[in-house]
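A quick write-up on the structure given underneath.
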């Protein structure tokens, strides 16, 4: 009896597998050839290679941050295989007020800067996407010109400093608050919004603000999320404006510039009481502490990315599909 049930279950599984394969073949477009063993193998090797390119550096950085000075010395630098683990680098990093202050500064700049950039970009893109808006063609040409022609670094520095931006928070946000490329991408998506939906909203008495908030933005969540991600990553990784407008005030440095300064010095956190390491050098290797700060800069992006990943995929596919 047991053998009969086993044979029956195997047959049912085999039939289910055959049925799923049949449905997959039926769902495949007629112009798409069935996958071959060579194609599937090449695809798997390509994906595996890309994953290795991304994951191996992350593994090395994380492992080095948890390594003891002896393990770093034995490896001659970056650690590839676990050999003596310690969290002393993270303890010393979290005890350092400079790093914690820089983390808060980076979070504030990213949140405020992303909000300002999205507000300006969305409003500008929506205005340029309306064919009857005043001067939209002239303004569009001006924006496109700025993508290829700019005054340069020195005129930008002079403008910001003359406006009183040297040493001020807004100098880290406003000079790079708008990306013309992102505006053009948003405009293209807004132009594709169903005209029937907009006409129906106008017939119900909705104005442009209501249409933007209740019709255009809900139908453009993918591109909005992707654009916000691009702005947030740009603000989080920025350090060049700090070099220009506040190179001496370490209390206003974001995390990326603290990391850059620390790596350039190579012997201690800027502004830290442990700079130069002194007695702590035997407990924590400088390279481990550097990698610990690198891991800290990656954590927020790793946390945020899963929430926008589906929108990122949808946005890329939407721009690639015709008809």
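A few comments on the model shown:
- Of all the residues in the range 201-213, those that are assigned to a helix (DSSP H, G or I) and within 20 Å of residue 121 (Cα to Cα) number 6.
- Flag for residue 284 being touching a helix residue (DSSP H, G or I) at 6+ places or on another chain (Cβ under 8 Å), under 30 Å from residue 217 (Cβ atoms), at pLDDT below 70 and surrounded by 14 or more Cβ atoms within 10 Å (Cβ to Cβ): no
- Only residues that are touching a helix residue (DSSP H, G or I) at 6+ places or on another chain (Cβ under 9 Å) and more than 18 Å from residue 188 (Cβ to Cβ) were counted across the range 208-223, and they come to 3.
- Every residue from the range 35-76 that is under 23 Å from residue 299 (Cβ atoms) and loosely packed, with under 11 Cβ neighbours inside 10 Å: 50, 51, 53, 54, 55
- The residues of the range 238-268 that are modelled with pLDDT under 75 and under 21 Å from residue 300 (Cα atoms), listed by number, are 262, 263.
- Residue match in the range 214-233 (condition: free of Cβ contacts under 8 Å to residues at least 60 places away in the same chain, part of a helix (DSSP H, G or I) and within 18 Å of residue 107 (Cβ to Cβ)): yes
- The set of residues in the range 287-317 being at pLDDT below 65 and surrounded by 14 or more Cβ atoms within 10 Å (Cβ to Cβ) consists of 311, 312, 314, 315.
- Residues of the range 141-151 include none that is modelled with pLDDT of 85 or more, under 26 Å from residue 256 (Cα atoms) and surrounded by 11 or more Cβ atoms within 10 Å (Cβ to Cβ).
- Selection status of residue 100, in contact (Cβ under 8 Å) with a residue 24 or more places away in the chain, surrounded by 13 or more Cβ atoms within 10 Å (Cβ to Cβ) and within 15 Å of residue 252 (Cβ to Cβ): no
- Sole exception among (1) free of Cβ contacts under 8 Å to residues at least 60 places away in the same chain; (2) surrounded by 15 or more Cβ atoms within 10 Å (Cβ to Cβ); (3) part of a helix (DSSP H, G or I) for residue 79, by number: (3)
- Residue in the range 153-163 that is exposed (fewer than 13 other Cβ atoms within 10 Å of the Cβ) and at positive phi present: no
The values are calculated or read from the model by the stated rules, or taken from the named source; none is laboratory data. Treat the numbers as computed from the prediction; the structure is a model and nothing was measured. No Cβ is skipped: glycine too gets one built from the backbone with ideal geometry, and neighbour counts run over all protein chains shown.
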